[in-house]
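The structure appears right after this line, and notes come after that.
The values are calculated or read from the model by the stated rules, or taken from the named source; none is laboratory data. Everything quoted here is computed from the prediction, not taken from an experiment. Note that each Cβ is placed from the backbone with ideal geometry, even for glycine, and that neighbours are counted across all protein chains shown.
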Amino acid sequence: MNSQESSLDQRIRLASFAWLSKQIKVHGDVLQRQLLTQGFEFEGKRVPLVGPQGIFKPQALSKIPLSITTTSDGPYDDSFDHNGLLLYRYRGTNPNHKDNEGLRAAMKEQIPLIYFHGIVPGKYYVIFPVFIVGDMLHSLTFKVAADDPVYFKTFLGNSRAMLVADSNDEARRTYITATIKQRLHQRGFRERVLLAYRQQCSFCRLRHPELLDAAHIIADSEPEGIPTVQNGIALCKLHHAAFDSDLLGLRPDYIIEVRKDVLDEEDGPMLLHGLKNLSEKRIVLPTPSELSPSKILLEKRYAEFKIASQ
């Protein structure tokens, strides 16, 4: 890129990061594809952040892609290597395809990209900045590392320096990228559970997604606490906290049980309507029915609730 193209490229990337940061503050770090496709306006031009292909360069940029995307039902099996770095498949099998060449150029110049990981159809976990740090021709795969946005500085006169590089870059990026795998599992679990429960609390039917959680029946720290929908329940934050604290229990027949000392307590309308009135109510179940909470897991969790109720 010449100096004019390089300056425009940097300004668009920084504007993209700033726009994404605002969206994440409003919507959280899982964003709708429609929002990303619409993108934002930059100097009179529309800049979408995703396109039909996984490696995407908007028209406003001259050479190097802006983002890479993995869809939840896409043709590529992206994964993590033993160091925790993301493995991102080439587009197709031609190493010299222009999209693959674009990522190769991003690696050479250490240009930051955005990574969108499909959690469920139409929803993407957002990670930025990410860098291409390896090119494995034999497996048609790039290695991708994430970095911490706080390391970003504005353009300082070096056309290749959007990041303040130091000797700890590799170790820092490897560590940050390794933590993303766990966050992807957590976000994926939440989105799959909320989708199954039609974006509502299964106890009280509250429908505000920003106030909903995916509660584990068996904690993910335990061997049986796998991140499947059958080990989850969509709960509002109040009922999630009450469930985790054993103020509320859920029987294997999907009936809510309120702890006796809570039923006997007098403490105003929140306790009455928020907890006590749930006693002996049946929860809202997901669709399809095979995604309903595992009765085996509920039986184990209910036994723990009964012990806590004594």
- Item | strands (runs of 3 or more DSSP E) wholly inside the stretch 22-109 that include at least 2 residues being hydrophobic (A, V, I, L, M, F, W, C) | 30-32, 40-42, 86-89
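Every residue, every condition in (1) farther than 30 Å from Leu211 by Cβ; (2) modelled with pLDDT under 90; (3) surrounded by 12 or more Cβ atoms within 10 Å (Cβ to Cβ); (4) assigned by TED's automatic domain parsing to the domain that holds Gly188, yes or no:
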| position | (1), (2), (3), (4) |
| --- | --- |
| Arg33 | no, no, yes, yes |
| Val50 | no, no, yes, yes |
| Gly54 | yes, no, yes, yes |
| Leu85 | yes, yes, yes, yes |
| Asn96 | yes, no, no, yes |
| Gly102 | yes, no, yes, yes |
- Among the residues listed as Pro58, Pro129, Pro65, Pro121, the single one being under 23 Å from Gln186 (Cα atoms) and either surrounded by 15 or more Cβ atoms within 10 Å (Cβ to Cβ) or of a type in the set (D, E, K, R) (or both): Pro129
- Item | Only listed residue being out of contact with any Phe, Trp or Tyr (no Cβ under 9 Å at 6 or more places or on another chain) and aliphatic (A, V, I, L, M), chosen from Ile55, Ile68, Ile64 | Ile64
